[in-house]
Structure formats: C-alpha cells, structure tokens
Amino acid sequence: MTSFKRIVVASDLSPRAALAVSRALCVATSHHAHVTVLHVVAEEEFWDSLLRPIGRTPARVDQHVMHKAHAALREQVRSLLSQQGKTSPPNKLRLRVTRGKDFLAIIHYAQAESADLIVLGAHGAHFVRDLFLGATTEKVVRQGDRPVLVVKQPPHSPYQRVLVPVDFSEASQPTLASALQLAPQATFTVLHVYEILHEHLLRRAGVPERQLTRYRQEAAKAAKEQLGTFLRTCTLQGHTVTPMVKYGHPSTVIQTVARQRRADLIAVGTHSRTGFERAFLGSVAEHVLREAQCDVLVVRPPTIPRS
C-alpha cells in the first residue's frame, strides 16, 4: 500500500497556498512524515527586482530576493503552526526557496526528494492570469509523476468522508490504495458510474423505453458484479468501504454523489500517458479537479517511471 513519508507542499505565499500548507502539516503529523514547504521565485520576479534597484550587482539582488522570499515563507509557516497550537516547528519540517518555472521546479524538487505526495492549493496569487495560461496546479498534475493533493477547503480535521470513483482502469486500484493510506480513519464510498453505450442513438432509432430500461437493468447488474470483483482484489484492511453503482454521465454523477455524501475528499485516477498525451488528464479527472468543492487527490498508475 502507498506510504506518505515524504511530502512536498508548494506555497506562493497566497491565502490559497496557506490552505495547502496547513493541510500538508496536518497530514505530515498524522503520518509522521517529513514535509518540505517549497517556494519558487519566478524568473520574472527576479528580473523585476534586478531592474529596480540601482547600484546592486546581480549576485546581491539574487541574495536579497531569495532572503526576502525565505523570510516571507518562514512567517507564513510560523503563523499556520501558531493557528494549530504549535509553538515550535516539527523536527521533520524544512523550508526551501528556489528559483525557476514554478510547475517545473515543483515537479523536479519532488523527484529529487523522492516525495510520495505533492500538496498544492487550487489557485495561487495570480488567479486571473491562471485562468488564461493554465494554473500551476493543473500543470503539476498533468506533467508530474506522483500523487497530487489539491486543497480547496480549510483543514479543520482529518478527512472523514472520501469518495473514490473507479472505472476499473489501471489507475483504479492505486487510487483507492492511496486514498485509504491518506485518510485511514475515514469512511469510503467506492463509486462506479455506468452508461448504456450509444443510448441516445438507440432512442433516436425508436427503441422502446421498456427495452432501454431492460438494458439499464442488465448494465446495472454487470456493473455491481464488476465492482464486487474489483473490491475483492483490493487490500481494504478493515476500512469502512461502501460500494455504490450509479447510472449516468460520470462527471455529473460524481459531483452529485460527492454532495450527497458530504465528501471532504475525492480521490480520482488518471491514465498512464507519456509525451504530448500527458497534457490531457481525461475528461472525468479534469472535470473533478476543476469543479469539485472539496479537496481532490489525483493519482497516476505506477507504470510511469519515477525519477
């Protein structure tokens, strides 16, 4: 089963990033994990700082920018620890400041540290810009090679209700395993959403509604059997797991069930892809990542080579 012993959480010092740092600290405490809070100074920030002061050498500007960023990061973490009632930082906590392209720096740092989990906020300080250029978070999820926890809500407590949609692809089992490990005290709903292939074409062709109903009943029976078979192959280890089969469009049904079950985390898998194809998560994962109101854990199958 997946183990989260090394966590990297990225912060651009925004309020959204503060939620991610706070959640990462909570996860690290419960898992006795090492956690690194990483801040990336964008290249444009460095050059802006270089052009403003007169009489400073590039080396002095670099030192000034990095020192200022580290101080701001240290203050953010100190404030969050104080809110959690901690008067001193944990021994397994590190602060790091680096310079580069934000999403690439996060991915490369996580690889270098052999991180088991990357934690990010849903949006950073440049929300409007991100809408047009693609959020750093989505780029890390698309191009990275390890689980990413996207934090959208304040972490008032450990995760209590986790929804895990599965489609029985190669990502389904590692996604469930990661969710079980991340939230060991939670209750889990494992959801499979089924559809009738080309139902709209059948309806347009005049297939009677009673026949379509029979097709749905047969599909529901097959889906329940398949979900049962899938769960028997998983290591559940005493976790409270409720299987659920629903008919409809996966993206819509997932959101509906998440609201009904009051899920505070959705764990979703994405496909093993390389090269250009990795720019796309798949419509369901993409929809969940963008539209879910709760936190989202995105897991890739272990077939992608880790650096």
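Each of HIS70 and THR242 was given a label point 7 Å from its Cα along the Cα-to-Cβ line. The distance between the two points is 5.0 nm.
A cut-off of 5 Å between modelled amide H atoms, ignoring neighbours fewer than 5 places along the same chain, links LEU117 with ARG6, VAL8. Amide H contacts under 5 Å for GLN293: none, restricted to partners 5 or more places along the chain or on a different chain, H placed in the peptide plane at 1.01 Å from N. With a cut-off of 11 Å on the backbone N, the residues of the stretch 230-254 near the modelled label site 7 Å out from SER283 along Cα-Cβ are 249-252. Subtracting the Cα-Cα distance of SER169 and ARG216 from 0.36 nm times their residue separation leaves 14.8 nm of extension gain.
Once the Cβ-Cβ distance of ARG259 and ASP62 is raised to the sixth power relative to R0 = 35 Å, the FRET efficiency obtained is 0.15.
Which value in nm describes the separation of the simple spin-label points at LEU13 and HIS32, placed 7 Å from the Cα toward the beta carbon? Going by the 7 Å Cα→Cβ label model, 3.6 nm.
Between amide H atoms placed 1.01 Å from N, distances below 5 Å from VAL190 occur with VAL164, THR242, MET244, all of them 5 or more places distant or on a separate chain. Distance between the modelled labels on ARG94 and GLN153, one decimal in nanometres: 3.2 nm (7 Å Cα→Cβ projection).
Any read-out appearing in this document is the output of simple, stated calculations on the displayed coordinates, not a laboratory observation. From a predicted model like this one, the values you see are computed outputs, not experimental measurements. Positions of Cβ are backbone-derived with ideal geometry, glycine not excepted, and every protein chain shown enters the neighbour counts.
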